[in-house]
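The values are calculated or read from the model by the stated rules, or taken from the named source; none is laboratory data. None of these values were measured; they are calculated from a predicted model. Cβ atoms come from the backbone with ideal geometry, glycine included; neighbour counts cover every protein chain shown. Ligands, DNA and RNA are stripped out before the accessible areas are found, and what is left, the full protein with its side chains, is counted by its heavy atoms. Shrake-Rupley method; radii C 1.70, N 1.55, O 1.52, S 1.80 Å.
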Amino acid sequence: EAGVAQSPRYKIIEKRQSVAFWCNPISGHATLYWYQQILGQGPKLLIQFQNNGVVDDSQLPKDRFSAERLKGVDSTLKIQPAKLEDSAVYLCASSQGRWRGMNTEAFFGQGTRLTVV
Amino acid sequence: QQPVQSPQAVILREGEDAVINCSSSKALYSVHWYRQKHGEAPVFLMILLKGGEQKGHEKISASFNEKKQQSSLYLTASQLSYSGTYFCGTEKAYKLSFGAGTTVTVRA
């Protein structure tokens, strides 16, 4: 089966500019995650969708970040305006959903490496 | 809340064993383990449910003690291919959060 697709792979922007990332999860996967991974750190959950509803967005800086999941399939993550500290890899992951009350394994995309200068 | 992993890093020679620990201050329902190689996406290793179960993936196994809110990953007879950063993911109210990771370097 096809994996999680993300684009672009790399992006360089100046601070205060805006940027958008796109994610196409594995077909049929109900759960979609966006993580921010700063170099040398673990992935930090920004937002988690279950179909097209938000499960958690408590760590999403809502004054500058926004995300949506269209019709419960593709998702976009936007940053506007970007700051230097937003430089990181943005990982999208998806999973089938829930089994025995827990999330099933997450499949990650290759990520988008964002550099803010 | 993110789980806490230890140690931060470990260096092994081929054939040696290592243990990576993951703990949480909150009650856990399940623990996920992933491995990430440099410049690549994290790859799933295994999920453990509460109930003290153990699982294995090649010579990598794990245990989960929900009473202690801890999980341990065991690397047995390590191979060069085991090098990478290992992350535990804990689930609370369906939210999947990861620890800071443990970097494992296996040398010949």
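Key figures for this structure:
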item	result
Measure of compaction for the stretch A:72-117 (Cα Rg per 2.2 N^0.38 Å)	1.51
Two-decimal log10 I(q)/I(0) for the stretch B:63-108, as the Debye equation yields it once each C-alpha is a single scatterer, q = 0.20, 0.22, 0.27 Å⁻¹	-0.78, -0.88, -1.06
Where Rh is the Kirkwood radius over Cα pairs, Rg/Rh for chain B	0.95
Those residues of the stretch A:72-117 for which accessible area with every protein chain present is at least 50 Å² below the isolated value (1.4 Å probe)	A:Arg100, A:Met102, A:Asn103, A:Glu105, A:Phe108
Contact order normalised by residue count of chain A, Cα under 8 Å, 6+ apart, percent	36 percent
Average partner coverage of B:91-99, which counts Cβ from other chains inside 10 Å	6
Estimated dipole of the protein assembly as shown in Debye, rounded to 20 [Cβ of Lys and Arg +1, of Asp and Glu -1, Cα centre]	340 debye
Accessible area expressed per residue, the protein assembly as shown, with surrounding protein chains retained (probe 1.4 Å, Å²)	49 Å²
The stretch A:49-82 residues near the modelled A:Glu14 label - backbone nitrogen below 17 Å, point 7 Å along Cα→Cβ	A:80-82
Whole-Hz couplings from phi, Karplus 6.51/-1.76/1.60, listed for the stretch B:17-30; x for Gly and Pro	10, 8, 10, 10, 10, 9, 9, 9, 7, 10, 4, 10, 9, 8
Cβ neighbours within 10 Å from other chains - mean over B:31-43	4
Selection from B:Leu49, A:Gly111, B:Ala77 lying farthest towards where the dipole of the protein assembly as shown points positive, charges on Cβ	A:Gly111
Shielded by partner chains, the stretch A:14-56 residues - at least 50 Å² of accessible area, 1.4 Å probe, vs chain alone	A:Pro43
Heavy-atom accessible surface of the protein assembly as shown: percent carbon and sulfur, 1.4 Å	48 percent
Percent of Cα pairs exceeding the 26 Å cut-off, where the set is chain A	15 percent
Overall dimensions of the protein assembly as shown as given by Cα atoms, namely Rg and Dmax in Å	17.4, 50
Average beta-carbon neighbours from other chains, 10 Å sphere, peptide B:21-30	1
